[in-house]
Amino acid sequence: MEDHKERSQCLKAGSTTDALFILSAKCKIIYFNEAAKRLTGLKFEDLIGVDLQSIFMGKFVESEFHLCEALEAGRIFHNCPCVLSADVSNGKEHDIFMTILPCFNETGGFDGAVALIRNASDESVISELLLDSIADGVFTVDKDWRITSFNLSAEKITGWSRNEAIGNICSEVFHSNVCASGYIQKALGQISQCYMFSADTCQGGCILAKSIEMRRPIINETIFIKRRDGRSVPISISAAPLLDNNGDVIGGVETFRDITSEIERKLILNSIADGVFTVDKDWRITSFNRAAEHITGYPEAEAIGKQCHDIFQSSICGENCVLARSITTKIQTSNKSVFIRRSDGKRIPISISAAPLLDNNGDVVGGVETFRDISAIMTLRKELTKRYTFGDIISKSNVMKRIFDILPDIARSESNVLILGESGTGKELVARAIHNFSRRMKGPFVAVNCGALPDTLLESELFGYKAGAFTDAKKDRQGRFAAAEKGTMFLDEIGDISQALQVKLLRVIQGRVYEPLGSNRSVQADVRILAATNRNIETLVKDGRFREDLYYRLNVVKIQLPPLRERKEDIPLLVEHFIGKFDAQQGKAITGISQDALGKLMQYDFPGNIRELENIIEYAFILCHDGLIQPEHLPEPFSQKMTGDEPAVLGLNKSVSLDEIEKLAIIGALEHNNWRRLATCRELGISKDTLRRKIQRYGLDIPEDE
């Protein structure tokens, strides 16, 4: 800070006889000292914003040559003979020498240049003032690799003073991991003849030697040097040859900067177990740590520069992007669970947090996101709770788990699906889940209860009608198939439609076309069809009440949902879910259900299935105001008290334990599987030994498998 302050004061005071110009990235003058004013004879308004090339003439300003392009390409002009244009010096030309050094930012972009001009009579080659005004370390060498200049930043980075460095061979000062100092010491007598500074024969892996050999700058190479105190320091270097007026090599110049903080930042990021990546304002990834590589399967080199959605393919990429919302609102987002797709195509769950990246002015320059793989956590949670979900469907039943396992594949296909099950088993929930996880998820989901309408109304409801098709049809009306275009049509209670309508529906499924009522023109239908029924459709086919060809068209994929009495282990889970649902709607302080009340529900067969259970909990919410739902809050017959003459039935006494609930679940599974132990084990997801221990523990009298 003190060095910078002193240099600034020196520049402002104009204490040097050298004319100093600082140029912008477009090579326009943005600063000059008093010596520059004296040299040009121009005022402030005449110099600021002027192109340097229009003021001075020399070998570096031939008509076909552009100074700014050369500087941007990394060229360094050293002690270049020029003249001050007579147009700006009252007709008198001045012979001068000019040295110009380009400046680059951390990303390698051209930031401008510093130009130093002095009279031809001055024998100094490079001004210390010019070098000391540069934030990067700068040193120059002659043909014998001896340091001829060494600026203040170079002193600070290396720990060597200018007096200690000048005159020494550069490898003796820097001790870089690419220096070949031993060979140079041995071959000093020959190096002066090797004026091309061959990287292979003179300097081994030296970046400066390579730059001189190729006669072009090398920008932003990373190496390690050893400071005077012995500490290794990572630096980013740029190197260029120095040429005389004849184009012969007379030495080289190297600029370097300490990137310890950048390396430490990367080491810190790579030591974090969570994945971390950053993006710029164009959503292109600018950093990608080791954990991010491990979780996504993409190497850093492949991820950098790509847009984040190309790498993550998240379930929320696009309009619902958490990082985008965080950047837009400038608010951090924490612990959002989403799915991403790894490089190998596997979908994995992750928990993400996002925040905007702001510059010193508070403007957004990008964003940062941290994420962690929660696959193991979700697997463990499922194992502990035996709770599985798909969309809005929840269960801990192994029967439902097997359905959940195949539903994602069913959802991704375009096949027709037939969902079978008793009323209230959740057929429409399954249909909605299939739609929501399909490629048609952004399209409409249209549900029609075919059993609730007579044929004439159902036909017009499905296919629409034209004006005049029947009495009161005064204008065209769009049908449900048109409303479901590019989406999903759910035909509930499909087993109740007449054979006449079955024929028309078959045509839609086979040809993807239909005709609105009263029209003779076919309409294309881009609709996926999901159908459901609570009837035994195979019996309907055998009895001739349902067309066999339509049945096989619908029955590409069949899902059989079990009734609630066959998955009683889900009752506590569903009760908890419905309590949470109604509590959120009604704002009551109901914390759960008592064991007495739950025991009564566990004993019930629920002919109305899940819908009936939901209605029971909704009824309990009317009578219960806070605390636990008790038996008296349930509808009849659950609320009735037992008399002393009635047999004591499990679940209907005054209290029920978890062991009793488990016993009841085992008995129910055994009965459902006709007392076959192996089938019961598969349904409950337990081993045969575990089932045997449970049977012995509860003293159940179970017949042996046949």
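So the values come out like this:
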read-out: When residues of segment 263-295 are limited to those that are in the same structural domain as P349 (by TED's automatic domain parsing) and in contact with a Pro (Cβ under 9 Å, 6 or more places away or on another chain), the one farthest from V233 (Cα to Cα); value: E293
read-out: Residue match in segment 563-581 (condition: surrounded by fewer than 18 Cβ atoms within 10 Å (Cβ to Cβ) and more than 24 Å from I666 (Cα to Cα)); value: yes
read-out: Among residues of segment 423-436, those that are at negative phi and surrounded by 18 or more Cβ atoms within 10 Å (Cβ to Cβ), counted; value: 8
read-out: Residues being among the aliphatic types (A, V, I, L, M) and over 17 Å from I494 (Cβ atoms) - total across segment 398-428; value: 7
read-out: Breaking point among (1) touching a Gly at 6+ places or on another chain (Cβ under 8 Å); (2) assigned to a strand (DSSP E or B), for G366; value: (1)
read-out: In segment 237-248, the residues that are surrounded by 18 or more Cβ atoms within 10 Å (Cβ to Cβ) and either more than 15 Å from F139 (Cβ to Cβ) or not small (G, A, S) (or both); value: I237, P241, L242, L243
read-out: Helices (runs of 4 or more DSSP H) contained entirely in segment 533-594, each with at least 1 residues that are in the same structural domain as R507 (by TED's automatic domain parsing); value: 537-542, 548-554
read-out: Number of positions in segment 540-562 that are under 30 Å from A665 (Cα atoms) and out of contact with any helix residue (DSSP H, G or I) (no Cβ under 8 Å at 6 or more places or on another chain); value: 2
read-out: Some residue of segment 588-598 being at pLDDT 85 or above and under 19 Å from I667 (Cα atoms); value: yes
read-out: Residue count for segment 283-293, restricted to those that are within 18 Å of V322 (Cα to Cα) and in a helix (DSSP H, G or I); value: 1
read-out: Counted residues, segment 598-612 - those being hydroxyl-bearing (S, T, Y) and under 45 Å from the mean Cα position of the chain (by Cα); value: 0
read-out: Which listed residue, of G464, G443, is in contact with a helix residue (DSSP H, G or I) (Cβ under 9 Å, 6 or more places away or on another chain), modelled with pLDDT of 90 or more and in the same structural domain as A531 (by TED's automatic domain parsing); value: G443
read-out: Subset of segment 243-262 [of a type outside the set (V, I, T), at pLDDT below 85 and either at negative phi or assigned to a strand (DSSP E or B) (or both)]; value: L243, D244, N245, N246, D248, S261, E262
read-out: Answer residue from segment 348-366, given it is touching a residue at least 40 places away in the same chain (Cβ under 8 Å) and more than 14 Å from the chain's Cα centre (by Cα) and is surrounded by the fewest Cβ atoms within 10 Å (Cβ to Cβ) among those; value: V364
read-out: Hits in segment 441-472 (condition: touching a Lys or Arg at 6+ places or on another chain (Cβ under 6 Å) and more than 15 Å from D492 (Cβ to Cβ)); value: G443, G464, Y465, A467
read-out: Filtered residues of segment 446-459 (kept if within 19 Å of Q524 (Cβ to Cβ) and at pLDDT below 90); value: E459
read-out: Whichever residue in segment 166-177 is within 13 Å of S232 (Cα to Cα) and either hydroxyl-bearing (S, T, Y) or touching a helix residue (DSSP H, G or I) at 6+ places or on another chain (Cβ under 8 Å) (or both) and, among such residues, is surrounded by the most Cβ atoms within 10 Å (Cβ to Cβ); value: F174
read-out: Qualifying residue in segment 507-514 (condition: crowded, with 21+ Cβ neighbours inside 10 Å, modelled with pLDDT of 90 or more and either at negative phi or charged (D, E, K, R) (or both)); value: no
read-out: Residue that is farthest from R372 (Cα to Cα) [pool: residues in segment 273-282 that are touching a residue at least 60 places away in the same chain (Cβ under 8 Å) and part of a loop (DSSP other than H, G, I, E, B)]; value: K281
read-out: Test: residue in segment 296-311 that is free of Cβ contacts under 8 Å to residues at least 60 places away in the same chain and in contact with a Pro (Cβ under 9 Å, 6 or more places away or on another chain); value: no
read-out: Considering residues of segment 201-227 that are more than 17 Å from A240 (Cα to Cα) and part of a loop (DSSP other than H, G, I, E, B) only, the residue modelled with the lowest pLDDT; value: T201
read-out: Given (1) modelled with pLDDT under 90; (2) of a type outside the set (K, R); (3) within 19 Å of K581 (Cα to Cα), index of the condition I610 fails; value: (1)
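The values are calculated or read from the model by the stated rules, or taken from the named source; none is laboratory data. Only a predicted model underlies this, so the values are computations on that prediction, with no experimental measurement involved. Ideal geometry is used to build each Cβ from the backbone, glycine not excepted, and the neighbour counts take in all protein chains shown.
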